[in-house]
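Notes follow once the structure below has been shown.
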Amino acid sequence: MPLVLNLPFGISVDLTLWDQIMTWGTWPKISAIFALVGWPILIIVFFYVLLTTHRWHKIVLEQKSWKWVLLAVDIPQEVLQGPKAVEHIFANLHGSALYANLAEKWWYGKYQKWFSFEIISIEGYIQFLIRTEMEYRDLVEAAIYAQYPEAEITEVEDYVDRIPHHYPDENYKLVGWEFILENSDVYPIRTYQEFEHSISKDVVFNDPMAAMLENFSRIGPGENFWYHIIILPSIDERAWKEKGIAEAKKIIADQGAKPHKDSLISKIGDIPRLLAKEVISAWDWNWEAEESAKHDSAKPASIMDLTPGLRDTLQSVEEKISKHAFKTKIRVLYAARKEVFNLHKCMEGFIGSMKQFFNTNRNGFKPTGFTMANYAFANYRANYKRNEFIHGFRKRKPFVGHNPIMLNVEELATIWHFPLAFVKTPLLQKTTSKRAEPPTDLPVEDVDDIYGLPTDEDPGLIISAKPPTVITDAHGSMPTEEKKSDDDHKGFSVDQPYG
């Protein structure tokens, strides 16, 4: 007898075949179901794998075409800009976020380019560096000059080739590790605004970079200590902010007043009260009001129910998700020749300096992914970790190792910014003078000489607009003072700023 399922709007579905299949044995039943519905699933899975493989192939080809540039940034010593200026730099770089459509993402393999903010110490010489793809070099330089007009930005060669790329090595030893967050990334770390104080009218900011840079200054000959912060602009900020809002609601809900629950002892103790209730019920006692008052504690949760610490945590979560965020990878590497290798010189101190940003009610950093191993096959596993780490470190790969964490622009400026003038770190490269643009009305064409103001030494001082040249006599000697004449002035240049 046919089995028919009648649906609304006159639609009927014949289920006779499925009714017969259900009467079969186990394996014939599985084979029949797979023949009917399994192949469409296989086709969908096949096309998904094929499309994913095509996308990653395109991504690899695109990344091979990228041209990276490493920029050394030097700031004048007298500049008083604080971490807030660097926060603006990070905010400007968020403009590079790539919002690709489905075709660009899955067919053409468009992929977000990243930046690397670095501090390195090579045998004690400390330098601030920024690595970017050539397409965003102008963006990086414009963001820096907007906050530090006197900065000097110089393209330099990559330094990672100073150490071997494969381990074990005969001459070098290497240890590397990463930093991740202790709690969910919607909770912020302690930021630079919390390092401000008013103990002295002259110094109102206790720069956290001082403790970090102190570890870089302890590096000696044959040693290298490198610190990388790799960032990708987040394009799914809405999902991250919704996660933060959900966490804020959870904080409020978990700390709201709980409904009153009667224990077994209280229930036993209520027996006399219940008997008394029956006896004097004629007195019209408002028992309902008593019961409702007993359960008044089941009111909706409120911010006012939070402790001061949790209230501060709630506010900090809301402040963090209110700013642009980056997917962030933090790596640290120490490599040195075997005869001078001393990991304790910088590892404990640097990890301790990262503890500055810890807050019990919020978040903090913890080290992980050490390139060391214990117990079985320790050397083999340690070298495997070292090779994987140095590969990700050299290429600044954001997805090698632990998953990136989410940090907003304020947090990034806290852990990477140019130290203030009172931070006396030796061998930290800084410019000795301010950078200034030439006058807009300075002649550069069709002008041979520019006459400056006369001086006591030379009333006819000439500043040549041409490249400096020096006239010598037949013996290669410069003309003496006695040989100078009005004609001798032609061709001389004076290395002196105009005016």
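The values are calculated or read from the model by the stated rules, or taken from the named source; none is laboratory data. Just so you know, these numbers come straight off a predicted model, no measurement behind them. Cβ placement follows ideal geometry from the backbone for every residue including glycine, while neighbour counts extend to all protein chains displayed.
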- Task: Name the one entry in Ile405, Ile390 that is crowded, with 18+ Cβ neighbours inside 10 Å, touching an Asp or Glu at 6+ places or on another chain (Cβ under 7 Å), in the same structural domain as Gln112 (by TED's automatic domain parsing) and touching a residue at least 12 places away in the same chain (Cβ under 8 Å).
- Result: Ile405
- With the checklist (1) touching a Gly at 6+ places or on another chain (Cβ under 8 Å); (2) surrounded by fewer than 13 Cβ atoms within 10 Å (Cβ to Cβ) in hand, flag the one item Pro28 doesn't pass. (1)
- Item | Single condition Trp39 does not satisfy, out of (1) surrounded by 12 or more Cβ atoms within 10 Å (Cβ to Cβ); (2) at pLDDT below 90; (3) not assigned by TED's automatic domain parsing to the domain that holds Thr328 | (1)
- Query: Where in segment 1-97 are there helices (runs of 4 or more DSSP H), lying wholly inside it, with at least 3 residues that are within 30 Å of Lys320 (Cα to Cα)?
  - Reply: 83-93
- Message: Against the definition (in contact (Cβ under 8 Å) with a residue 12 or more places away in the chain, assigned to a strand (DSSP E or B) and of a type in the set (Gly, Ala, Ser)), how does Ser184 come out, yes or no?
- Response: no
- Just to be sure, is Thr16 surrounded by 10 or more Cβ atoms within 10 Å (Cβ to Cβ) and either in contact with a Leu (Cβ under 9 Å, 6 or more places away or on another chain) or touching a residue at least 24 places away in the same chain (Cβ under 8 Å) (or both)? yes
- Message: For Phe128, only one of the following conditions fails: (1) within 27 Å of Phe365 (Cβ to Cβ); (2) in a strand (DSSP E or B); (3) touching a Leu at 6+ places or on another chain (Cβ under 8 Å). What is its number?
- Response: (3)
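Assigned to a helix (DSSP H, G or I) and either at pLDDT 65 or above or surrounded by 15 or more Cβ atoms within 10 Å (Cβ to Cβ) (or both): does that describe Leu232? Full working, then the answer.
Values: assigned to a helix (DSSP H, G or I): no; either at pLDDT 65 or above or surrounded by 15 or more Cβ atoms within 10 Å (Cβ to Cβ) (or both): yes.
Considered against the rule, which asks whether it is assigned to a helix (DSSP H, G or I) and either at pLDDT 65 or above or surrounded by 15 or more Cβ atoms within 10 Å (Cβ to Cβ) (or both), Leu232 comes out as no.
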- Do the conditions hold for Ser121, that is, is it under 19 Å from Leu407 (Cα atoms) and assigned to a strand (DSSP E or B)? no
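Could you tell me whether any residue of segment 156-171 is of a type in the set (Ser, Thr, Tyr), surrounded by fewer than 17 Cβ atoms within 10 Å (Cβ to Cβ), more than 19 Å from Gly349 (Cα to Cα) and at pLDDT below 95? Spell out the reasoning first.
As a first pass, look at segment 156-171 and keep what is of a type in the set (Ser, Thr, Tyr): 159, 167.
Retained after the next criterion (residues that are surrounded by fewer than 17 Cβ atoms within 10 Å (Cβ to Cβ)): 159.
Then keep just the ones that are more than 19 Å from Gly349 (Cα to Cα); that gives 159.
From what's left, at pLDDT below 95: none.
Checking segment 156-171: not a single residue is of a type in the set (Ser, Thr, Tyr), surrounded by fewer than 17 Cβ atoms within 10 Å (Cβ to Cβ), more than 19 Å from Gly349 (Cα to Cα) and at pLDDT below 95.
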- Residues within segment 355-400 that are farther than 18 Å from Glu118 by Cα and under 16 Å from the mean Cα position of the chain (by Cα), tallied: 4
- Reported set for segment 310-353 where residues are part of a helix (DSSP H, G or I), of a type in the set (A, V, I, L, M), closer than 16 Å to Phe370 by Cα and in contact (Cβ under 8 Å) with a residue 24 or more places away in the chain is Leu343, Met347
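Restricted to segment 321-349, and to residues that are of a type in the set (Gly, Ala, Ser) and surrounded by 22 or more Cβ atoms within 10 Å (Cβ to Cβ), which residue is nearest to Tyr227 (Cα to Cα)? Explain how you work it out, then say what you get.
Initially, segment 321-349 is screened for residues of a type in the set (Gly, Ala, Ser), giving 322, 325, 335-336, 349.
Filter again for surrounded by 22 or more Cβ atoms within 10 Å (Cβ to Cβ), leaving 325, 335-336.
Numbers: Ala325: 20, Ala335: 12, Ala336: 15 Å.
Per the stated criteria, the residue is Ala335.
Looking at the structure I just gave you, is Lys113 modelled with pLDDT under 90 and either surrounded by 18 or more Cβ atoms within 10 Å (Cβ to Cβ) or in the same structural domain as Asn408 (by TED's automatic domain parsing) (or both)?
It is false that Lys113 is modelled with pLDDT under 90 and either surrounded by 18 or more Cβ atoms within 10 Å (Cβ to Cβ) or in the same structural domain as Asn408 (by TED's automatic domain parsing) (or both).
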